[in-house]
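Beneath this line is the structure, given in structure tokens, with notes to follow.
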Amino acid sequence: MHIFGRAKQTVIRAYGRFRRKLFTRTVVHLTLFVVAFTSGLVAREWSSRLTRGSSRDSFCSTQEFGNQVLSTKRSLSIEEGTQYRLPDIVDTFANYKYRNHSECQISSQDLHVPFSPLCSSRDEFLTAVSGGGRAGFDAPYMPRGCDMRWYTTEEVCEIISRFEKVIVVGDSMMRHVVGAINVLLRKDLGYGAVTNWNFNEDEMNKCFCNHQMDVKACSVQGIYSTSSVLEHDPHSLACEQPVDLVIELMLRFPLDPIEVERFRALISTTKPAKPYAFIFGHGLWNDLDLQATLNWLDGIGHSILDRAPYLSESLWSRLMVTPNAAGIRKPDQWMLTQGDKALQVFEHSVREESAKRRIEHFGTYNMSIQSSKFDSVHLDLKGNLIKAMAVVNWLAMIDTRDW
């Protein structure tokens, strides 16, 4: 009996080991099957995207990734090929200055998560980017219905170089968009948006990285033009081709005659070889008074045509950008005239009125409602980089052959 009992226990233990091994093998096999099946789906999806892609007119070599990335030079069809969208699925800031600084851990993947399909026209894109959202506070922003590109620095340089000049007109929010584009052009997350070539030690500390957009600490240190970068710190500009980006601050209506003349001087009286692009932003300085904004917009338009009448018969690309959503620090006395309800009504009204003037519109309320702000108005660097990339996408989709 004793021997029989020991044999029985041995058999039971052996059976238990067999069951455990069988279970482990089954789990491993199922895991390998799922991985293989998923990989096959991904491969087929990207293969089909690449097959659907059409040929491009030009190529833009991308040093960051070693391969050529197709460029939307003529703003024709947008393909979904793996090479073309490669920058969308990696951190394009990986080689930027200060990217690995402990206080500047900003990845492009924190700002935008790509999906398919890409928007195929400017109208479709502006509707999507104005109506998108975030899945949580400061989460990546996703346009609604179709996606935008997240361009590399070299692509941004190439896109802006298609224009004689990209002229931005507006307030401090628009100045921050110009600053964020300069971050892209200079490959510098730490000081790309500001005039760090003349900073003292205090400014170097206060205006670093995300705080470049802090209007209290860095209100006058922002970059107003790429020409100033070329004058004071030319080696910081990463573009091989000429680019000309400038902002003229014109805050309110009635227009200041000095500001108008300074703005007019930016435009040639004879038709240049390449087109201009105009980007406007206005609203808060006139308490979201719709008529004041329309008068401001019409006054600037009349000044442009008076200076450059050839624009009436040529490509005249214009984009109106409405203000950010209000932050939690908005003082109570401003909530009636500049609160979220007023901002939404204003954005909707400006979109309709801009269309009557053949001016395209980019609404930023949805993009900014769940994002960090230093005060009640101004986004931090991350929020402004998203706005800047949206503007670059709009520029990329302009067919400059119409010039």
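The values are calculated or read from the model by the stated rules, or taken from the named source; none is laboratory data. This structure is a prediction, so every number in the text was calculated from the model and none was measured. Neighbour counts run over all protein chains shown; Cβ positions are idealised from the backbone, glycine included.
If you scan the range 87-98, which residues turn out to be in contact with a Gly (Cβ under 9 Å, 6 or more places away or on another chain) and farther than 12 Å from Thr153 by Cα? Step through it out loud before you land on a result.
Pass one, the range 87-98, residues in contact with a Gly (Cβ under 9 Å, 6 or more places away or on another chain): 96-98.
Those that are in contact with a Gly (Cβ under 9 Å, 6 or more places away or on another chain) and farther than 12 Å from Thr153 by Cα: Lys97, Tyr98.
Considering the range 275-296 alone, what residues qualify as being more than 24 Å from the chain's Cα centre (by Cα) and under 29 Å from Ile159 (Cβ atoms)? First the steps, then the outcome.
If we filter the range 275-296 for residues that are more than 24 Å from the chain's Cα centre (by Cα), which is where we start, we get 285-296.
Within the range 275-296, Thr293, Trp296 qualify.
Can you find, within the range 179-226, the residue that is surrounded by the fewest Cβ atoms within 10 Å (Cβ to Cβ) among those that are in contact with an Asp or Glu (Cβ under 7 Å, 6 or more places away or on another chain) and under 24 Å from Glu154 (Cβ atoms)?
Taking the candidates together, the pick is Trp197.
Among what's in the range 117-137 and is in a loop (DSSP other than H, G, I, E, B) and touching a helix residue (DSSP H, G or I) at 6+ places or on another chain (Cβ under 7 Å), pick the residue that is surrounded by the most Cβ atoms within 10 Å (Cβ to Cβ). Write out each step before concluding.
At the first step, the residues of the range 117-137 found to be in a loop (DSSP other than H, G, I, E, B) are 117, 119-121, 131-132, 135-137.
The next check asks that each one be touching a helix residue (DSSP H, G or I) at 6+ places or on another chain (Cβ under 7 Å); those that pass are 119, 131-132.
Numbers: Cys119: 21, Gly131: 14, Gly132: 19.
Ranking the candidates gives Cys119 first.
Considering each residue of the range 253-287, count those that are in a helix (DSSP H, G or I), basic (Lys, Arg) and either crowded, with 16+ Cβ neighbours inside 10 Å or touching a Lys or Arg at 6+ places or on another chain (Cβ under 8 Å) (or both), and give that number. Explain how you work it out, then say what you get.
Going residue by residue through the range 253-287, those that are in a helix (DSSP H, G or I) are 257-264, 284-286.
Imposing the further condition that a residue be basic (Lys, Arg) reduces the set to 262, 264.
Pick out the ones that are also either crowded, with 16+ Cβ neighbours inside 10 Å or touching a Lys or Arg at 6+ places or on another chain (Cβ under 8 Å) (or both) and you get 264.
Selection size over the range 253-287: 1.
What is the one condition in (1) more than 13 Å from the chain's Cα centre (by Cα); (2) at negative phi; (3) in contact (Cβ under 8 Å) with a residue 40 or more places away in the chain that Gly170 does not satisfy?
Only one criterion is unmet by Gly170, namely (2).
For the range 209-225, give me each residue that is modelled with pLDDT of 95 or more and either touching a Lys or Arg at 6+ places or on another chain (Cβ under 9 Å) or not assigned by TED's automatic domain parsing to the domain that holds Ala193 (or both).
Once the filter is applied, which keeps residues that are modelled with pLDDT of 95 or more and either touching a Lys or Arg at 6+ places or on another chain (Cβ under 9 Å) or not assigned by TED's automatic domain parsing to the domain that holds Ala193 (or both), the range 209-225 yields Ile223, Tyr224.
What's the total number of residues in the range 193-224 that are over 15 Å from the mean Cα position of the chain (by Cα) and in a loop (DSSP other than H, G, I, E, B)?
15
Identify the residue in the range 288-316 that is charged (D, E, K, R) and surrounded by 15 or more Cβ atoms within 10 Å (Cβ to Cβ) and, among all such residues, is nearest to Asp340 (Cα to Cα).
We begin by selecting, within the range 288-316, every residue charged (D, E, K, R); these are 289, 298, 306-307, 313.
Checking the rest, the ones that are also surrounded by 15 or more Cβ atoms within 10 Å (Cβ to Cβ) come to 289, 307.
On the way: Asp289: 14, Arg307: 37 Å.
Only one residue fits best here, namely Asp289.
Give the residues of the range 138-159 that are crowded, with 22+ Cβ neighbours inside 10 Å and within 14 Å of the chain's Cα centre (by Cα), sorted by residue number.
The answer is Tyr141, Pro143, Asp147, Met148, Arg149, Trp150, Tyr151, Thr152, Thr153, Glu155, Val156, Ile159.
When you check Leu305 against the structure, is it at pLDDT 95 or above and of a type outside the set (Gly, Ala, Ser), yes or no? Spell out the reasoning first.
Numbers: at pLDDT 95 or above: yes; of a type outside the set (Gly, Ala, Ser): yes.
For Leu305, the condition - at pLDDT 95 or above and of a type outside the set (Gly, Ala, Ser) - is met.
How about the range 326-367: which of its residues are in a helix (DSSP H, G or I), surrounded by fewer than 21 Cβ atoms within 10 Å (Cβ to Cβ) and among the small types (Gly, Ala, Ser)?
Answer for the range 326-367, where residues must be in a helix (DSSP H, G or I), surrounded by fewer than 21 Cβ atoms within 10 Å (Cβ to Cβ) and among the small types (Gly, Ala, Ser): Ala342, Ser349, Ala355.
Quick check on this structure: which one of Ser349, Ser372 is in contact with an Asp or Glu (Cβ under 8 Å, 6 or more places away or on another chain) and in the same structural domain as Ala128 (by TED's automatic domain parsing)?
Working: Ser349 fails: in contact with an Asp or Glu (Cβ under 8 Å, 6 or more places away or on another chain).
Only one candidate qualifies: Ser372.
Out of everything in the range 303-325 that is more than 20 Å from the chain's Cα centre (by Cα) and part of a loop (DSSP other than H, G, I, E, B), what residue ends up being nearest to Arg175 (Cα to Cα)? Spell out how you get there, then give the answer.
Looking only at the range 303-325, we keep the residues that are more than 20 Å from the chain's Cα centre (by Cα), and these are 303-316.
Retained after the next criterion (residues that are part of a loop (DSSP other than H, G, I, E, B)): 308, 314-316.
On the way: Ala308: 24, Ser314: 27, Leu315: 25, Trp316: 22 Å.
Going through the qualifying residues, I end up with Trp316.
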